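*Asks:* The structure's right below; bear with me while I get my questions together.
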Amino acid sequence: MKITEIKVIVCSPGRNFTTVKIITDEGVYGIGDGTVNGRELAVVSYLQDHIAPTLIGKDPLRTEDIWQYLYKGAYWRRGPITMAAIAAIDMALWDIKAKVAGMPLYQLLGGRSRDKVMVYKHVGGLDIPEVVEGVLKLKEQGLEAIRAQVSIPGLPPIYGTGPSTDQAAGGMIKPMVTEEVWATHKYLPLVPKLFDKLRDAVGWDVHLLHDVHHRLTPIEAARLGKDLEPYRLFWLEDAIPAELQEGFRLIRQHTTQPLAVGEVFNSIYDTTTLISEQLIDYIRVTAVHAGGVTGIKKIFDYASIYHVKSACHGPMDMSPATMGANIHVDTAISNFGIQEFTGYTKETYDVFKCDWRYDRGYLYPNETPGHGTDIDEDLAAKYPYQAAYLPVARLEDGSMTSW
Ligand code: EZ4
Ligand code: CO
């Protein structure tokens, strides 16, 4: 069996997605996601100009060998663009392998370890009552785990705090970088008040989560963790900038609040201090940003030794192909924790045909061969790329934030 063609498809059915389709001489093909929100075209060039020419004629079933070939052949190892490009290829190759085997992907990763994959969804709001209402609505819809964010009074809604700013359809399609305002001293006392009201409203059966989006210093995060302890959050996510793993030592010394980090990580080497020192409880790497199925399987297996659980990143800025790959890994590994899932727009589901499914708080892998996600190329062509940027934030005095 040989790889005969590698197509790179960019489309924007609500969000920009960078998709790879690997075609073989036997007609079997696989789909992979290489989307990096706000930097989509850099991955397109990496795939088209630097990877595709080196893989034509190769055996698509050699997933580990091709992963190593691309990782080592880059010389400039790691980094989000390189690892997303490798991820796209890797996901498509695993899709092909599972189709050749005639099995759903999870069978090739060890088989089923669970019946269903628990997810969490997001709620945001301009004030606490609006968030409480949103959380109650999701609870009614069967969600057992919910992430809650609230805007800071007196400041305009900022990314990841207001009413679903980071997940609204097309919300990230911005022709230029938006500049927002941040004030830590206004945020810190607000979050415990939010979770106090939420516990009153939803009780203790629902898992509650909160995402700090990397905005605190270690000592500020330690204080927030302590203040949130009475409300027993499932986790506090991205409490500090993720680059400095050692920062988590300080947070860990002060609070029993479970901690999650890793959505911006792209290799196992970003995780070694955090995992081996047991500084976190959940590692949030996801197939597209950490080297595909091969990449995250290595990280989760490593994490399992230290009792750190998986929690794949999964907002709608990564394509349904990533979600498919994640669901199969989630189903197979021993140390599954939770899966983030915001769902997709109707346009996205029209372009990407999914055999996996969501129902009342859980995801279920497809039983058809592969990872269960395909792309309608003709329809994709009707949604061309649109410029999209993530925001930055400044302090109230105009300086860039320290995070
Ligand atoms: O802000 O994927 O936990 N989820 C998140 C996401 C990220 C986006 C950035 O592109 O923090 O919504
Ligand atoms: Co996050």
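*Asks:* Taking a threshold of 25 Å on the Cα-Cα distance, which of the pairs K121/K353; K7/K309; K116/K382; K174/K382 fall above it?
*Replies:* K7/K309; K116/K382
*Asks:* Multiply the residue gap between K2 and D196 by 0.36 nm, knock off their C-alpha separation, and tell me the result in nm, one decimal place.
*Replies:* 64.0 nm
*Asks:* Under 19 Å from the Cα of K226, which lysines turn up, not counting those fewer than eight places away in the same chain?
*Replies:* K186, K193, K197
*Asks:* Mind checking which of G292, G154, G337 has the largest fluctuation in a GNM of the chain, springs on alpha carbons under 10 Å?
*Replies:* Sorting by GNM fluctuation, first place goes to G154.
*Asks:* Still on this structure, please answer the following. Rounded to the nearest 0.05, what FRET efficiency do W204 and T256 have when you use their Cβ-Cβ distance and R0 = 25 Å?
*Replies:* Efficiency at R0 = 25 Å is approximately 0.90.
*Asks:* With labels modelled as points extended 7 Å from the Cα through the Cβ direction, what inter-label distance (nm, one decimal) is found for Y302 paired with E64?
*Replies:* Here the modelled spin labels are 1.6 nm apart.
*Asks:* Run the quick spin-label model on I9 and T178: label points 7 Å from Cα toward the beta carbon, then report their separation in nm to one decimal.
*Replies:* Result for the modelled spin labels: 3.0 nm.
*Asks:* Another one. Would you please name the trypsin sites (Lys or Arg not before Pro) within region 305-403 that are DSSP coil residues with at most 12 other C-beta atoms within 10 Å of their C-beta?
*Replies:* R360
*Asks:* Length gain on complete extension for the stretch T401 to A42, per 0.36 nm per residue less the alpha carbon to alpha carbon distance?
*Replies:* Residue separation times 0.36 nm, minus the Cα-Cα distance, leaves 126.6 nm.
*Asks:* Against the longest principal axis of the chain, how steep is helix 63-73, in degrees 0 to 90 to the nearest 10, with axes from Cα atoms?
*Replies:* Compared with the principal axis, the helix lies near 80 degrees.
*Asks:* Using Cα-Cα distances under 8 Å and only pairs 6 or more residues apart, what relative contact order does the chain have, in percent?
*Replies:* Result for the chain is 23 percent.
*Asks:* Need the list of lysines near K97 for cross-linking: C-alpha distance under 17 angstrom, and skip anything on the same chain fewer than eight residues off.
*Replies:* The reachable lysines, counting only those whose Cα sits under 17 Å from K97, are K2, K21, K58, K297.
*Asks:* Calculate how steeply helix 218-228 sits against the longest principal axis of the alpha-carbon atoms of the chain, using the helix alpha-carbon long axis, and give the answer as 0 to 90 degrees to the nearest 10.
*Replies:* Taking Cα atoms only, the helix is inclined about 70 degrees.
*Asks:* For the residue pair Q141 and E229, what label-to-label distance in nm results when each label sits 7 Å from Cα along the Cα-to-beta-carbon direction?
*Replies:* 3.5
*Asks:* Hey, how many Å between the Cα centroid of region 298-368 and the Cα centroid of region 240-256?
*Replies:* 27
*Asks:* How far is helix 128-140 tilted, in degrees, relative to the longest principal axis of the Cα atoms in the chain, given as a value from 0 to 90 rounded to the nearest 10?
*Replies:* Helix 128-140 sits roughly 50 degrees off the main axis of the chain.
*Asks:* Hey, another quick one. Nearest 5 percent is fine: what portion of the DSSP beta bridges confined to the chain is antiparallel?
*Replies:* 45
*Asks:* Here is a further query. Give me the number: length gained by fully extending Y389 to L155, i.e. 0.36 nm times residue separation minus the C-alpha to C-alpha distance, one decimal in nm.
*Replies:* 82.1 nm
Each reported figure results from applying straightforward, stated rules to the coordinates on display, with no laboratory input. Please read these numbers as outputs of a predicted model, since none were measured by experiment. Every residue, glycine among them, receives a Cβ derived from its backbone with ideal geometry; neighbour counts consider all protein chains shown.
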